[in-house]
Amino acid sequence: MPAPDDRRPRRRTDVTRTELVGGVEKRDIYLVDHDPAWAGRYEDHASRIRGAVGDGALAVEHIGSTSVPGLAAKPIIDIVVTVPDITAEEDYLDPLIGAGYVLRVREPGHRMVRTAARDVHVHVLEADDPAAADYLLLRDHLRVDATDRELYEATKRGLAQRDWPDMNAYADAKTAVIEAIKQRARERSEGRETGGPGGAV
């Protein structure tokens, strides 16, 4: 009789390189004023994702600029889905593709599918991946901090005026500002938790 440990499913090794399905794409990058209808579009896709993945989707969240009221954005809905095991693609990737999404990125710890129209991006991460928490940290901070929201929008508007080989290059150019905003968000959260300035009493 096998030992209990031998009966447990063995975790597979994740991919070790980035696969960009379809290669580099040059796309026009432009911002539009926030559209309240984006929240409804997110809800439609969240239902579609939950219907496809079922209990395998531990959380489904609206992220990115379209999730922040008052913030100008590229008209692309970003969604993060957390799963127990990123290597178990049959549990989430196959169902998402079956629901009409198209695989765009497969890389260590992350998969991204999108609609055929390329107007919804679904990012899949493991539940304990710090990137998942960071998406929510940034979203929640920008929803309440007008100064950082204005800084982020100004940064994006400036970058959108430049020519980029693809959206990944544009996204990478925002990294320094995003990291600075996230640091302030952490400090704000820590102050709230300890009852410090701006925190709970």
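Here, each number is a calculation from the coordinates, and none is a lab measurement. Keep in mind that this is a model prediction, so the values were computed, not measured. Neighbour counts run over all protein chains shown; Cβ positions are idealised from the backbone, glycine included.
Antiparallel as a % of all DSSP beta bridges within the range 15-194, to the nearest 5? Here the antiparallel bridges make up roughly 70 percent for the range 15-194.
The Cβ shell under 10 Å around GLU126 holds other residues with a net charge of -4, Lys and Arg each +1, Asp and Glu each -1. Full extension of the chain between GLN161 and ASP33 gives 44.5 nm of extra length, using 0.36 nm per residue less the Cα-Cα distance. Stretching the chain fully between LEU151 and VAL24 yields a gain of 42.8 nm (0.36 nm per residue, less the alpha carbon separation). Backbone amide hydrogens, once placed in the peptide plane, bring VAL83 within less than 5 Å of LEU58, LEU125, GLU126, ALA127, excluding anything fewer than 5 places away on its chain. Summing charges over all other residues whose Cβ lies under 15 Å from the Cβ of GLU89, with Lys and Arg as +1 and Asp and Glu as -1, gives -3. Derived scalar couplings between HN and Hα for the range 13-28 equal 6, 6, 4, 10, 9, 8, 10, 9, 5, x, x, 5, 10, 8, 10, 5 Hz in order, rounded to whole Hz, by the Karplus curve 6.51 cos²θ - 1.76 cosθ + 1.60 (θ = phi - 60°), x for Gly and Pro.
Rounded to whole numbers, the Karplus 3J(HN,Hα) couplings from phi for the range 77-85 are 7, 9, 10, 10, 10, 9, 10, x, 8 Hz, using 6.51 cos²θ - 1.76 cosθ + 1.60 with θ = phi - 60°, and x at Gly and Pro. Comparing ARG184, ARG162, ARG143 in a Gaussian network model of the chain (Cα springs below 10 Å), the most mobile by mean-square fluctuation is ARG162. Within the chain, the selection of entire DSSP H helices by a Cα span of 15 Å or greater along the long axis and an average Kyte-Doolittle value of at least -1.0 returns 37-53, 130-144, 146-160.
A cut-off of 5 Å between modelled amide H atoms, ignoring neighbours fewer than 5 places along the same chain, links HIS121 with ILE77, ASP78, ILE79. Assign one of three labels to the chain, namely rounded, prolate or oblate, based on the Cα gyration tensor with a ≥ b ≥ c the square roots of its eigenvalues; rounded applies when a/c is under 1.5, prolate when it is not and a/b is larger than b/c, and oblate otherwise. Oblate, because a/c is 1.5 or more while a/b does not exceed b/c. Sorting ILE76, ILE97 from the fewest to the most surrounding beta carbons within 10 angstrom yields ILE97, ILE76. Here is the result for the range 38-102: no chymotrypsin sites (Phe, Trp or Tyr not before Pro) lie in DSSP coil with at most 16 other C-beta atoms within 10 angstrom of their C-beta.
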